[in-house]
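Notes follow the structure.
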Amino acid sequence: MRAFLGLLGVVVLIVAGLMAFNFINVDQTQRAALPQVKVEGGQAPKFDVEVGKVEVGTVNRSVEVPAIKVERPAGQ
């Protein structure tokens with residue numbers, strides 16, 4: 001399998017190189033078209049959904065924060 005993928009990679013690189021140097025030229029001669037599709041009737045599904053209630057608010061609180069003291073070394 002690994003040899004097959006390696007061979008496929010080499011072939012892709014060769015084809016890309018040939019296309020880059022215009023040894024292979026691909027021109028589109030006919031435009032593509034989607035098939036005509038006729039749709040009649042039908043109905044979209046209905047859903048009855050119940051969701052939870054979310055309330056967002058703020059509360060003022062006092063929080064004790066530790067104090068940090070940094071001292072330089074005596075030599076600097």
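The values are calculated or read from the model by the stated rules, or taken from the named source; none is laboratory data. As the structure is a prediction and not an experimental result, all values here were calculated from the model. Neighbour counts run over all protein chains shown; Cβ positions are idealised from the backbone, glycine included. Protein only, heavy atoms only, side chains kept; ligands, DNA and RNA dropped before computing areas. Shrake-Rupley method; radii C 1.70, N 1.55, O 1.52, S 1.80 Å.
A few points about this structure:
- When V63 is tested against (1) modelled with pLDDT of 90 or more; (2) open to solvent by less than 100 Å² (accessible area, probe 1.4 Å), only condition (2) is not met.
- Residue within the stretch 4-16 that is assigned to a loop (DSSP other than H, G, I, E, B), loosely packed, with under 10 Cβ neighbours inside 10 Å, within 32 Å of the chain's Cα centre (by Cα) and modelled with pLDDT of 90 or more present: no
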